[in-house]
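Read-outs: derived from the displayed coordinates by stated rules, not from any lab. Note that this is a predicted model, so its numbers are computed, not measured. When we count neighbours, we look across all protein chains shown, and the Cβ atoms used for this are built from the backbone with ideal geometry, even at glycine.
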Amino acid sequence: MNRFENWFCASSLWRFVTERKLLPWIVSGYRLGDHVLEVGAGPGATTKELLRRAGRVTSLEYDPTYVLRLAEEYKGSRVSVVRGDAAALPFPDNSFSSVVAVLVLHHLRSREQQDRAFQEFHRVLRPGGMFFAFEIRDGWLHRVGHFKSTFVPVAPASAFGRLTAAGFSRIAVDIERSAFRVCALRAREA
């Protein structure tokens, strides 16, 4: 992420918007279950709210600076902080009741890496678990905001085929202006 993104994602404004507006919309109508995997936790804008909604949170973050800060902030709580890559998750199969990725997918360096992440999310979810994502659409303003940063936007229309290929079903994509949410189910085994 670039300096602007780091500053904005750590701001109290972003935390407020994420906790009070985005996360409630992202998971609206669904249950998180007892153990949430928060992918790309960054400075932890969603961590506290996810913990409030679920019994336990595992926060995965790639940036070692954020990992140290989050681990210190949540020491002794029901939040575990792990350094790792979304496309190669360091967790066993069927570990989580839900996976939440807020503004993460466009930071993966390629469409192939995004598809590997979808497969990993499916693998670590328990049968009946849900995957939730919030992403921004491609556009000049988002490209400017990601100057000198990775920006590989996910087209909302591509989510159905890509998530189906990863094994998900009951995929819902809801678009709001320049952003969208994705909800997808890991079906229970027959």
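Here Rg/Rh (Cα atoms, Kirkwood Rh) was computed from the coordinates, and among [x] 0.99; [y] 1.24; [z] 0.93 the match is [z]. In terms of the Cα gyration tensor, with a ≥ b ≥ c the square roots of its eigenvalues, is region 59-138 rounded because a/c is under 1.5, prolate because a/b exceeds b/c, or oblate? Cα axes put region 59-138 in the oblate bin. Its Cα centre serving as origin, the chain has a Cβ charge dipole (Lys and Arg +1, Asp and Glu -1) of approximately 300 debye. From least to most packed, judged by other beta carbons within 10 angstrom and beginning with the fewest, 85, 93 follow the order 93, 85.
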